[in-house]
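Colleague: The structure follows.
The values are calculated or read from the model by the stated rules, or taken from the named source; none is laboratory data. Note that the structure is a prediction, hence the values are computed from the model and not measured. Don't worry about glycine lacking a Cβ; one is built from the backbone with ideal geometry, like all the others, and counts go over all protein chains shown.
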Amino acid sequence: MEYDTILSDYLGEYGRFQKLTIFCMAVLATPVGMHSMAMAFLGAVPEHHCHLPGRSDSVSAAPHLALPGELAPTWLEYMHTLNDSIPLEKDANEEWTHSKCERYQNNVTEDDLTTSAQNKSKLQCTDGWVYDKRLYSSSVVTEFDLVCDRAWLRELAQAIYMLGVSFGAIISGALSDRFGRRPTLLGCIALLLIFGVATAFASHYVIFVVLRFFVGAVGVGLYYTAFVLGMEVLGQSKRTMYGMVVTLFLVGGYIGLGVIAYLTRDWMKLQLAISVPVTVFLTYYWIAFESPRWLLANGRTVEAREVIDRAAKINKVEIPEKVYELMNENIHFNEDVGPYETTQRVYNVLDLVRTPNMRKNTFIVAFSWFVCTAAYYGLSLGSAELPGDPYLNYILSSCTEIFAILVAWATMDRWGRKPPVIAALILAGLSCGATAGVPKDLWMVSTGLAMVGRFGVSVAFDILPLYSAEIFPTVVRNMGIGAVSMLARAGGILAPFVSLLGKSWAPFPLVIFGIMCFLDGVAILTIPETLGVPLPDTLEEAENLGNCRIVQTVDKVVTVPTEEKTEILDKVTSV
């Protein structure tokens, strides 16, 4: 007896049990979204200059948040008072600005005062820095002085976080497929709370980086385990809705982070504010169910019956005893290999590439995740900083993701998974590639094309998690999502290095990302459409995905090759 049959004929595809489960799973995306984007404010780099020894106003004169009735000086106005102490230099835009990493030698003579600025002796910031605290009262940058020759440590912290995400994706996926969705989910919740709170009290840069590594690892494990568990309790007609709802909660986490950061302005308070509320999710120990689909696929029919009984009570329906008898038989039928029984075998990552179709699908899905992650972060990192309030800019930028989600949602159930992904990636590829032919003086056109490219990548990225989960079978679904997510983080780590190529030719990074997106769109043509197709539970069903038509009866799933005549259906006995 297949779980899809139990859903459609007895339990109901979208009863109170399913609604409760998907809400509980989707809301977990909110804290994960906050932690994933937290470095935007934890690692904020305020305006700064060298601390000037022997000068009493070096720290006190730095602009802070103005008191009521006061008008705080701008950083530029304040810096003009230090013209005799801080040298001028050209920035990346070829504009003159005060140096952030050098100062004039403090023991100047009377003759030095009449000398031109170019002839004065310059020193590195050996006595620390003074930071502008109007926007950020503190960040890890100001806490550990991650500026000037130590600025690379800030980028290293983010890279290590991404490595943690890669590590957590593959490990949590293997644990979830081996021991179940529920224990992996509960473990990730507890560890996210512990590592998240501990990060706020990191007293050293190395401690902060190590803790952020584990936050990334357990955060991605929590997200994808919750995503898969929620999807596996639903029927096929509601999977698109669930995938988009989870993404909306994720974006809600992005927006919530911006609001909390604006209210706190302090990195320790911000880290605590996004970590402590995870305590609420410890209640999932009592309310979270194991995936009945996973239990059935692994032959644990007794536990599956307990979950289905509880679901039936919540949905206020009754399951006939005959259903449980057929479920205990747990027989699948395939026209080519005949009847077989689900065993308790242990699956590993090699099962993702053991057979031809699974291998092809795994490689293309992994390539798609890699391309989308690299292009998304690359386009974000390559965009010029918008003028104005950084908190408002961040929140508005996050809100644009909602539009991409709505577009993905509106197209997935109408045209399927493949056409929207292919169209979005090709749009992104053409838009990014077109920037190579735009003259420098038409920078607004280049910026607009880059934004169109980012929109296309966002639409594809919103569809990919659901599409991937529908391609991988239940027995290795979490492992498959974890493996492709691990490769996706490699794309995120690569993106900043591709962006550096813009120093030789400005459009170069966008052209590279455009070519990658276009090739990815073409590659996806070769993987099967999954709209309206029952979730594959076994490796055999996943191998035949796209090559066959799955016909459901009450007690069997019959795989019918598309080239065979429909008379084969007469051989199927319906109960």
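Colleague: Suppose we filter 227, 167, 201 for residues that are closer than 28 Å to residue 268 by Cα and within 19 Å of the chain's Cα centre (by Cα); which single one remains?
Modeller: 167
So that you can scan it fast, the table gives a plain yes or no per residue for (1) under 16 Å from the mean Cα position of the chain (by Cα); (2) over 30 Å from residue 221 (Cα atoms); (3) not assigned by TED's automatic domain parsing to the domain that holds residue 515:
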site: 424; (1), (2), (3): no, no, no
site: 434; (1), (2), (3): no, yes, no
site: 449; (1), (2), (3): no, yes, no
site: 466; (1), (2), (3): yes, no, no
site: 470; (1), (2), (3): no, no, no
site: 482; (1), (2), (3): yes, no, no
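Colleague: Can you confirm whether region 7-23 contains a residue that is modelled with pLDDT under 75, within 34 Å of the chain's Cα centre (by Cα), surrounded by 21 or more Cβ atoms within 10 Å (Cβ to Cβ) and more than 30 Å from residue 126 (Cα to Cα)?
Modeller: yes
Colleague: Only one of 261, 198, 202 is small (Gly, Ala, Ser), over 30 Å from residue 406 (Cβ atoms) and outside any loop (DSSP other than H, G, I, E, B). Can you tell me which?
Modeller: Within the list 261, 198, 202, the selection yields 198.
Colleague: Go through region 124-133 and give me each residue that's surrounded by fewer than 18 Cβ atoms within 10 Å (Cβ to Cβ) and either touching a Phe, Trp or Tyr at 6+ places or on another chain (Cβ under 8 Å) or among the small types (Gly, Ala, Ser) (or both).
Modeller: Answer for region 124-133, where residues must be surrounded by fewer than 18 Cβ atoms within 10 Å (Cβ to Cβ) and either touching a Phe, Trp or Tyr at 6+ places or on another chain (Cβ under 8 Å) or among the small types (Gly, Ala, Ser) (or both): just 128.
Colleague: From the list 190, 198, 157, which residue is in contact (Cβ under 8 Å) with a residue 12 or more places away in the chain, touching a Leu at 6+ places or on another chain (Cβ under 6 Å) and either among the hydrophobic types (A, V, I, L, M, F, W, C) or in the same structural domain as residue 485 (by TED's automatic domain parsing) (or both)?
Modeller: 198
Colleague: Another question, if that's okay. Within 22 Å of residue 378 (Cβ to Cβ), modelled with pLDDT under 90 and within 18 Å of the chain's Cα centre (by Cα): is that true of residue 399 in this structure?
Modeller: yes
Colleague: Looking only at region 278-300, decide whether some residue is more than 19 Å from residue 226 (Cα to Cα) and assigned to a helix (DSSP H, G or I).
Modeller: No, the conditions are met nowhere in region 278-300.
Colleague: Of all residues in region 422-465 being in contact with a helix residue (DSSP H, G or I) (Cβ under 7 Å, 6 or more places away or on another chain) and hydroxyl-bearing (Ser, Thr, Tyr), which is modelled with the lowest pLDDT?
Modeller: Out of the qualifying residues, it is 446.
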